[in-house]
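The structure appears below as structure tokens.
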Amino acid sequence: MNKSAYLAAMGITSWRLRDTKVRPYQVVWDADDMLSAAESLIDTVLGLIGVSKDDCEFNTEPHKGKPIVWDMRNQRVRPRVAWLVSDPLADLLTRSEAKRALWAQICQWREQQLTA
């Protein structure tokens, strides 16, 4: 009998190497199914602030020790320490006002970076 088939039938998963890439930034969002639909939007926004998507952890709650580059939660918590704060992904994909507000924040953030 094939060993991997036997283990799979018992519900035992294969051993895999742990992802050891250090991700220095966080994106905080409400978990929904919109992440794959908004992938190009996320890549564009992060690129405009000089952050790669591969350098970000996507979490539903912030974790201490890593800067939050983008907060997309519906219920925001104070203090707001994120570089960008926007409406959730579903709103960004459907409402032009949400995109405009995010764009204004990106412009403001970029201006601050140029003067700093």
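Okay, here's what the table says:
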quantity: Qualifying residue in segment 22-33 (condition: part of a helix (DSSP H, G or I) and at negative phi); calculated: no
quantity: Sole exception among (1) part of a strand (DSSP E or B); (2) in contact (Cβ under 8 Å) with a residue 60 or more places away in the chain for W70, by number; calculated: (2)
quantity: Tabulated pairs, segment 93-106, first more than 23 Å from V81 (Cβ to Cβ), second open to solvent by less than 100 Å² (accessible area, probe 1.4 Å) and of a type in the set (D, E, K, R), C-beta under 6 angstrom, 6+ apart or interchain; calculated: none
quantity: Any hit, segment 79-89, residues being in a helix (DSSP H, G or I) and open to solvent by less than 80 Å² (accessible area, probe 1.4 Å); calculated: yes
quantity: Residues of segment 47-67 that turn out to be open to solvent by less than 40 Å² (accessible area, probe 1.4 Å) and outside any loop (DSSP other than H, G, I, E, B), as a count; calculated: 2
quantity: Cross-chain or 6+ apart pairs with Cβ under 8 Å, segment 35-46 first and under 16 Å from E57 (Cα atoms) and open to solvent by 80 Å² or more (accessible area, probe 1.4 Å), then acidic (D, E) and in a helix (DSSP H, G or I); calculated: none
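The values are calculated or read from the model by the stated rules, or taken from the named source; none is laboratory data. Being a predicted model, the structure only gives us computed values, none of them experimental. Reconstructed Cβ throughout: ideal geometry from the backbone, glycine too, with neighbour counts over all protein chains shown. Just the protein is used for accessible areas: all its heavy atoms, side chains included, with ligands, DNA and RNA removed. Shrake-Rupley method; radii C 1.70, N 1.55, O 1.52, S 1.80 Å.
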